[in-house]
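The values are calculated or read from the model by the stated rules, or taken from the named source; none is laboratory data. Here the structure is a predicted model, which means the values were calculated and not measured. Please note: Cβ atoms are built from the backbone with ideal geometry, for glycine as well, and neighbour counts cover all protein chains shown.
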Amino acid sequence: MKRYLPLLAAAFLFTAFSAAEPVKAELNINIGIGRPAKKVKVIDPPVVVVIPGTYVYIAPDLDEDIFFYRGHWWKSNGRRWYRSDEFGGPWIFISIERMPRALVHLPERYRDLPPGLERMPPGHVKKHWKQWEDERHWESRHEWKEHKREHREHKEHKKHGRD
């Protein structure tokens with residue numbers, strides 16, 4: 001019996017300590033290719049407004065420019081552009097050659113939004129953007145026409161070196 005006593009004591013201690021506090025195991029694996037996009041930390045997708053003269057929507061209440069265009073969310077980080085199907089990501093890098101022309105050639109003063117623009121929940125825009133483009137929905141709005149005219153005049157002044 002004496003020779004089993006150390007074995008019994010070890011078994012008792014093992015059972016007592018393993019039952020008292022379960023051991024947690026955790027494994028984290030992160031794989032990244034290229035430079036990761038800057039993360040946007042917002043709980044809910046933001047309200048958006050159409051940038052007059054375009055069919056690009058911007059979230060005016062955010063500290064950085066985030067756009068909705070043709071069913072996708074877009075943002076830039078320096079000269080790099082990222083796209084996502086959902087506001088919360090994941091964001092993928094898009095080369096400038098694959099960028100929509102409307103985003104690359106936004107009016108210079110696209111942040112100067114006129115007062116009174118319709119503020120819309122992003123789900124509403126995501127549901128109707130295609131229909132609105134097909135029907136030219138925004139083109140009947142005064143602020144849309146005015147902004148488009150100002151943008152055209154500004155481009156002409158720059159073209160002729162008057163700016």
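Which residues, counting only those in segment 89-100, are among the aliphatic types (A, V, I, L, M) and either part of a strand (DSSP E or B) or touching an Asp or Glu at 6+ places or on another chain (Cβ under 8 Å) (or both)? I92, I94 - these are the residues of segment 89-100 that are among the aliphatic types (A, V, I, L, M) and either part of a strand (DSSP E or B) or touching an Asp or Glu at 6+ places or on another chain (Cβ under 8 Å) (or both).
Within segment 60-80, if we keep just the residues that are modelled with pLDDT of 95 or more and in contact with a helix residue (DSSP H, G or I) (Cβ under 8 Å, 6 or more places away or on another chain), the residue that is farthest from H124 (Cα to Cα) turns out to be W74.
Listed here are the residues, each with its yes/no results for (1) touching an Asp or Glu at 6+ places or on another chain (Cβ under 9 Å); (2) in a loop (DSSP other than H, G, I, E, B); (3) under 18 Å from W138 (Cα atoms).
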{"residue": "D61", "(1), (2), (3)": "no, yes, no"}
{"residue": "E64", "(1), (2), (3)": "no, yes, no"}
{"residue": "W73", "(1), (2), (3)": "yes, no, no"}
{"residue": "F87", "(1), (2), (3)": "yes, yes, no"}
{"residue": "A102", "(1), (2), (3)": "no, no, yes"}
{"residue": "E108", "(1), (2), (3)": "no, yes, no"}
{"residue": "R111", "(1), (2), (3)": "yes, yes, yes"}
{"residue": "P114", "(1), (2), (3)": "yes, yes, yes"}
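Scanning segment 116-125 for residues that are in contact (Cβ under 8 Å) with a residue 60 or more places away in the chain and part of a loop (DSSP other than H, G, I, E, B) gives L117, E118, R119, P121. In this entry, Y82 passes the filter for residues that are in a strand (DSSP E or B), of a type outside the set (D, E) and out of contact with any His (no Cβ under 6 Å at 6 or more places or on another chain). Screening the candidates R109, R83 for the property of being under 23 Å from E133 (Cα atoms), at pLDDT 90 or above and among the charged types (D, E, K, R) yields one hit, R83. Take S95 and decide whether it is exposed (fewer than 11 other Cβ atoms within 10 Å of the Cβ) and either small (G, A, S) or modelled with pLDDT under 95 (or both). Against the criterion (exposed (fewer than 11 other Cβ atoms within 10 Å of the Cβ) and either small (G, A, S) or modelled with pLDDT under 95 (or both)), S95 qualifies.
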